[in-house]
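Undergrad: What follows is a structure written as structure tokens; I'll ask about it next.
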Amino acid sequence: MTRFVAMTAIAAVMGSAAFAGNISEPVVEPAPAPAPVPVANDGGDWTGFYLGGQIGQLDVDATNGASGDDAAYGVHAGYNYDFGRFVLGGELDYDTTDVDLGGGATVDSVARAKVKAGYDFGNVLAYVTGGVAEADSSLGSETGEFYGVGLAYQVTDQWQIGGEVLEHEFDDFGNSGVGADATSVSLRASFKF
């Protein structure tokens, strides 16, 4: 009988050891996905020299009541530096026109030295600009200031198109006592080097 008790004890121990583990395959929980790492969006690349042309309209209102408007076209060259989302630049441009103010007075050209500051939306750059302008007229030349807004779009890495609206103020053309306010609207195309 002791043999029977011993055999029963051995069977009980072995049976409990067999059932101590899991009969089915263990279920492995997948590791949680890593948290997404935010990617810095620095926008487009606006850094570099550029050269281009513009065409538009110049509307002049003189302080003596004369006014006129005509097409204007010209060239521009500048440099932008892209700080990530903030873009700062400088530009020189020159427009030729033939605005007839009546009585033989005309505005023949406007040259500008600009400072530009804008926000980089990627392929779009929205900016404000201002600086010094010199207008040449039949009464003489006059240096004044201007300010405005612009928008540029990168068609490719090198080609950009856009537009600007600028407001100019001139005090006294050629010591004639006649000043003028002028508005220019232009479409622009540039090649970035």
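Undergrad: Please go through (1) open to solvent by 70 Å² or more (accessible area, probe 1.4 Å); (2) more than 23 Å from Ala66 (Cβ to Cβ) for Glu145 and return the number of the only condition it doesn't satisfy.
TA: (2)
Here's the yes/no breakdown for (1) modelled with pLDDT of 95 or more; (2) surrounded by fewer than 18 Cβ atoms within 10 Å (Cβ to Cβ):
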residue: Arg112; (1), (2): yes, no
residue: Val115; (1), (2): yes, yes
residue: Gly122; (1), (2): no, yes
residue: Glu134; (1), (2): yes, yes
residue: Leu151; (1), (2): yes, yes
residue: Glu169; (1), (2): yes, yes
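Undergrad: How many residues are surrounded by 21 or more Cβ atoms within 10 Å (Cβ to Cβ) and touching a Phe, Trp or Tyr at 6+ places or on another chain (Cβ under 7 Å) if we restrict to region 171-181?
TA: Number satisfying all stated conditions: 1.
Undergrad: Of all residues in region 153-175, how many are under 21 Å from Val185 (Cβ atoms) and aromatic (Phe, Trp, Tyr)?
TA: Residues flagged as under 21 Å from Val185 (Cβ atoms) and aromatic (Phe, Trp, Tyr) within region 153-175 amount to 2.
Undergrad: Here are the criteria: (1) surrounded by fewer than 18 Cβ atoms within 10 Å (Cβ to Cβ); (2) closer than 13 Å to Phe170 by Cα; (3) at pLDDT 95 or above. Tell me which single one Phe86 does not satisfy.
TA: The failed condition is (2).
The values are calculated or read from the model by the stated rules, or taken from the named source; none is laboratory data. Worth saying up front: this structure is predicted, and the values here are computed from it rather than measured. Methodologically, a virtual Cβ is constructed for each residue, glycine included, from the backbone with ideal geometry; neighbour enumeration extends over all protein chains shown. When the accessible area is computed, the model is the full protein with side chains, heavy atoms only, and any ligands, DNA or RNA have been set aside. Shrake-Rupley method; radii C 1.70, N 1.55, O 1.52, S 1.80 Å.
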